[in-house]
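Here's the structure, in structure tokens; my notes come after.
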Amino acid sequence: MINPRRNGAFRSGSRHGSLPYHLCVSGHNHCSAQHNFYGKSCPNVEAIVRKIVQQKVKETFVTIPANGPMRHQGLTPATLRLFFHDCFVNGCDASVMIQSTPNNKAEKDHPDNVSLAGDGFDVVIKAKKALDAIPSCRNKVSCADILALATRDVVVAAEGPSYPVELGRRDGLESTAASVHGNLPGPNDNVDKLNKLFAKNKLTQEDMIALSAAHTLGFAHCSKVFNRIYNFNRTHIIDPTLNKGYAKDLRLACPKNVDPRIAINIDPITPKKLDNIYFRNLQQGKGLFTSDQVLYTNRRSRPTVDSWAKNSAAFNAAFVKAMTKLGRVGVKTGHNGNIRRDCGAFN
């Protein structure tokens with residue numbers, strides 16, 4: 001549970017009603033329970049964000065072409081990835097949305113973030129515009145909270161579980177490319193490295209495995225898997241943990257001289273659904289990235305993969321728990337942040 005600093009607050013809301021979030025505000029001697037942070041200032045915030053998300057989903061969730069460059073990543077993977085990259089660097093404060101200036105290279109222009117799809121940024125900007133068009137909501141809802149709400153709504157759009165979103169974040173006051181280095185997981189990370197990185201953000205191995213299932217959505221460029229299918233190590237040209245049939249399919253989709261814009265589904269079975277098929281793929285050696293497949297080859301993480309592969313309800317519950325904890329990482333409240341007028345620029 002977050003203990004908001006100074007005069008901040010952090011409360012929960014849900015598309016299906018809301019759950020009370022008990023909090024103790026530092027500087028006060030009492031605890032209170034609130035149902036909706038924006039209940040008085042902008043009571044329809046969730047419905048407004050959801051409407052924008054639903055409109056955007058219709059525009060952007062396209063099929064990956066078999067022999068051409070990808071035009072859209074799809075809103076769900078784009079927004080999920082944006083939220084994750086934001087929270088893992090200086091907390092969930094929308095600092096990843098800040099545009100660089102001549103005097104500051106911002107987070108979004110770090111090499112690990114340049115591939116973040118524009119659809120995720122766009123849905124937050126459109127939701128902010130829709131909220132600010134309502135006098136009572138204008139400059140009341142943070143970009144960080146809009147991103148958190150939009151992330152929940154795209155999960156639901158991808159047939160994943162709904163969950164209450166805790167609200168009351170403020171937007172961060174700084175964003176630098178240098179702060180990104182070493183704070184995001186890579187496609188070749190092993191379980192030890194992943195656990196260490198997630199532990200920095202108070203997330204467990206179970207949380208890490210649950211959040212990794214976001215790779216059931218979206219695409220990756222062929223260059224990200226070249227090492228696994230053409231030059232794994234001195235002993236094996238192809239990563240031996242890869243399913244042989246899957247490796248053959250990957251080689252056909254990603255020949256050595258492939259156009260770098262060519263993309264492939266991360267999940268070859270259900271690329272548009274957030275589901276537990278991700279774990280069944282790992283059991284069959286069909287994890288696209290090394291950082292996916294190690295969850296099954298490592299004896300410490302394999303039992304969780306096996307459990308969720310056969311129990312979608314258990315996975316959904318773990319995913320909701322992990323997303324809620326992710327949304328608490330490094331939250332700014334009170335004077336530690338503000339409400340940005342423009343999500344891409346500091347006030």
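Report, to the nearest 10°, how far helix 312-326 tilts away from the longest principal axis of the Cα atoms in the chain, using its own Cα long axis and a range of 0 to 90°.
Around 50 degrees separate the two axes.
In whole Hz, what ³J(HN,Hα) sequence does segment 220-226 give by Karplus (6.51, -1.76, 1.60; θ = phi - 60°), x for Gly and Pro?
Per-residue couplings from phi come out as 9, 6, 3, 4, 6, 10, 3 Hz.
Please list, in chain and number order, the residues 5+ apart from PHE219 or on another chain whose amide H is under 5 Å from its amide H, with Hs placed from the backbone.
For PHE219, whose amide H was placed from the backbone, the distant partners under 5 Å are ILE266.
In segment 238-291, which trypsin sites (Lys or Arg not before Pro) fall in coil by DSSP and have 12 or fewer other Cβ atoms within 10 Å?
Passing sites in segment 238-291 are LYS256, ARG261.
Relative to the longest principal axis of the C-alpha atoms of the chain, give the angle of the C-alpha long axis of helix 118-132, reported between 0 and 90° and rounded to the nearest 10°.
For 118-132 against the chain, the angle is about 20 degrees.
Pop out the ³J(HN,Hα) list for segment 148-156 in order, Karplus 6.51 cos²θ - 1.76 cosθ + 1.60 with θ = phi - 60°, rounded to Hz; leave Gly and Pro as x.
Calculated HN-Hα couplings, in order: 5, 5, 4, 5, 4, 5, 6, 4, 5 Hz.
Relative to the longest principal axis of the C-alpha atoms of the chain, give the angle of the C-alpha long axis of helix 45-60, reported between 0 and 90° and rounded to the nearest 10°.
30
Quantify how much of the Cα-Cα distance distribution of the chain extends past 24 Å, in percent.
Value for the chain: 56 percent of Cα pairs lie more than 24 Å apart.
State the percentage of accessible surface on segment 38-184 attributable to carbon and sulfur atoms; use a 1.4 Å probe and exclude ligands, DNA and RNA.
On segment 38-184, the fraction of accessible area on carbon and sulfur atoms equals 51 percent.
Can you run phi through the Karplus equation (6.51, -1.76, 1.60; θ = phi - 60°) for segment 335-344 and list ³J(HN,Hα) in whole Hz, with x for Gly and Pro?
With the stated coefficients, segment 335-344 comes to 7, 7, x, 8, 9, 5, 6, 10, 4, x Hz.
Run the helix sum for the chain: -39,500 (n - 2.57) per DSSP H stretch of 4+ residues, divided by residue count, reported at 222 nm to the nearest 500 deg cm²/dmol.
-11500 deg cm²/dmol
What does the convex hull of the alpha-carbon atoms of segment 172-244 project to on average, in nm²?
Across all orientations, segment 172-244 yields a mean hull projection of 7.2 nm².
In Å², and per residue, what accessible area does the chain have when probed at 1.4 Å with the other protein chains present?
46
TYR296: accessible area at probe 1.4 Å, nearest 10 Å²?
For TYR296, solvent-accessible area is about 50 Å².
Restricting things to Cα coordinates, could you compute the convex hull volume per residue of segment 38-184 in Å³?
Here the figure is 126 Å³ per residue.
Say the cut-off is 18 Å between C-alpha atoms; which of LYS126/LYS325; LYS193/LYS310; LYS224/LYS286; LYS248/LYS286 go over it?
LYS126/LYS325; LYS193/LYS310
The values are calculated or read from the model by the stated rules, or taken from the named source; none is laboratory data. Quantities reported herein were computed from a predicted structural model and do not represent experimental measurements. Please note: Cβ atoms are built from the backbone with ideal geometry, for glycine as well, and neighbour counts cover all protein chains shown. These area figures cover heavy atoms from the full protein model, side chains too; ligands, DNA and RNA do not enter into them. Shrake-Rupley method; radii C 1.70, N 1.55, O 1.52, S 1.80 Å.
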